[in-house]
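Before any comments, here is the structure.
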Amino acid sequence: MEQLAVEITPAELKACLDRGEHIRLIDVREPDEHAVCHIEGAQLIPMRTVPQHLQDLDNDEVLCVFCHHGVRSLNVVNWLRGQGVENCQSMAGGIDRWSREIDPQVPRY
């Protein structure tokens with residue numbers, strides 16, 4: 001299986017989801033940010049707690065990690081890949097870009 005690109009755009013992610021591909025969405029923002037807005041079905045795992053959840057994040061499924069603008073999630077994906085979790089990608093531009101390009105119902109902050 002070829003390795004996934006480190007980043008995926010919101011449009012690429014939406015196309016995958018529309019095709020019925022199973023992608024586990026991981027929100028690495030803080031709980032107060034998650035309370036403002038979130039993507040339906042995403043699991044909240046704040047960045048600082050990701051190491052505690054490593055055993056739950058394995059290569060059995062594709063992971064799409066996102067944050068507000070894509071910086072934290074890119075750091076998390078690079079760290080996860082260093083731990084051997086290869087099937088993960090960061091959503092470029094984060095939930096802010098998702099709101100602008102895919103779902104304007106998701107509030108921006």
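Where a number appears in this text, it was derived from the coordinates with a stated rule and is not lab data. All values reported here derive from a predicted model rather than from experimental measurement. In this analysis, Cβ positions are derived from the backbone assuming ideal geometry, glycine residues included, and neighbour counts consider all displayed protein chains.
Table for the structure above
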{"quantity": "The range 51-73: number of residues that are surrounded by fewer than 20 Cβ atoms within 10 Å (Cβ to Cβ) and among the aliphatic types (A, V, I, L, M)", "calculated": "3"}
{"quantity": "Selection count, the range 53-68, where residues are in a loop (DSSP other than H, G, I, E, B) and more than 11 Å from the chain's Cα centre (by Cα)", "calculated": "5"}
{"quantity": "In the range 1-17, the residues that are surrounded by 11 or more Cβ atoms within 10 Å (Cβ to Cβ), more than 12 Å from G94 (Cα to Cα) and of a type outside the set (A, V, I, L, M)", "calculated": "E12, K14, C16"}
{"quantity": "Residue in the range 44-52 that is touching a residue at least 60 places away in the same chain (Cβ under 8 Å) and outside any helix (DSSP H, G or I) present", "calculated": "no"}
{"quantity": "Residue match in the range 18-38 (condition: buried (at least 17 other Cβ atoms within 10 Å of the Cβ) and part of a helix (DSSP H, G or I))", "calculated": "yes"}
{"quantity": "Failed criterion for A11 (all others in (1) more than 22 Å from P104 (Cα to Cα); (2) touching an Asp or Glu at 6+ places or on another chain (Cβ under 7 Å); (3) part of a helix (DSSP H, G or I) hold)", "calculated": "(1)"}
{"quantity": "Residue in the range 69-88 that is of a type in the set (A, V, I, L, M), within 23 Å of Y109 (Cα to Cα), in a strand (DSSP E or B) and touching a residue at least 40 places away in the same chain (Cβ under 8 Å) present", "calculated": "no"}
{"quantity": "Checking C37 against (1) touching a helix residue (DSSP H, G or I) at 6+ places or on another chain (Cβ under 7 Å); (2) closer than 22 Å to G82 by Cα, the condition it does not meet", "calculated": "(2)"}
{"quantity": "Selected residue (criterion: surrounded by the fewest Cβ atoms within 10 Å (Cβ to Cβ)) from residues of the range 89-109 that are among the polar types (S, T, N, Q) and either in contact (Cβ under 8 Å) with a residue 60 or more places away in the chain or closer than 14 Å to E12 by Cα (or both)", "calculated": "S99"}
